[in-house]
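The values are calculated or read from the model by the stated rules, or taken from the named source; none is laboratory data. As the structure is a computational prediction, the values presented were derived from the model and not from experiment. Using ideal geometry, Cβ is built from the backbone for each residue, glycine included, and neighbour counts are taken over all protein chains shown. For the accessible areas, the whole protein counts, side chains as well, though only heavy atoms, and no ligand, DNA or RNA atoms are used. Shrake-Rupley method; radii C 1.70, N 1.55, O 1.52, S 1.80 Å.
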Amino acid sequence: MSFSVSSSIEHSGAVVVTVRGTVEHTTIGSLCDTISHIVEQQRPAVVNIDLQAVTYIDTAVVGALDACRRSARNGGTNVVLRNASDAVDRTLRMSA
């Protein structure tokens, strides 16, 4: 499955960023750029990152994802990871 990122707005006003495919060093920049753009342009209270369709996440990018989340938090936006598969969740937890 190729990597893709899309976004939508929930009724609550939270933004959902749906990620598909493999998240690794070649794709993390696109995800972080999307989050940064949303935070700067829309200023939502919450951005939910939906990981349901992520097939793999590289442990090396977990730090970059965390830095992206901290940057959004500094802009007043809480970034929440949700719907991770067991394998992706384990990788996130092991690398935290």
Inset, instruction - Kindly establish whether S36 is open to solvent by 30 Å² or more (accessible area, probe 1.4 Å) and part of a helix (DSSP H, G or I). - result: yes
Inset, instruction - Name every residue in region 1-29 that is among the small types (G, A, S) and more than 14 Å from I57 (Cα to Cα), in order of residue number. - result: S6, S7, S8, S12, G13, A14
Inset, instruction - Could you please let me know if V62 is among the aliphatic types (A, V, I, L, M), over 16 Å from S6 (Cβ atoms) and modelled with pLDDT under 90? - result: yes
Legend entry - Search result, residues across region 80-96 that are of a type in the set (D, E) and part of a loop (DSSP other than H, G, I, E, B): none
Legend entry - In region 39-79, the residues that are surrounded by fewer than 12 Cβ atoms within 10 Å (Cβ to Cβ) and either part of a strand (DSSP E or B) or among the charged types (D, E, K, R) (or both): E40, R43, R70
Legend entry - Search result, residues across region 1-33 that are more than 23 Å from D89 (Cα to Cα) and not in a strand (DSSP E or B): E10, H11, S12, G13
Inset, instruction - Starting from region 62-90, take each residue that is within 19 Å of S30 (Cβ to Cβ) and list its partners that are open to solvent by 40 Å² or more (accessible area, probe 1.4 Å) and of a type in the set (S, T, Y), counting only C-beta distances under 6 angstrom and pairs at least six apart or across chains. - result: V62/S95
Inset, instruction - Restricting attention to region 1-33, report how many residues are open to solvent by 70 Å² or more (accessible area, probe 1.4 Å) and farther than 20 Å from T55 by Cβ. - result: 4
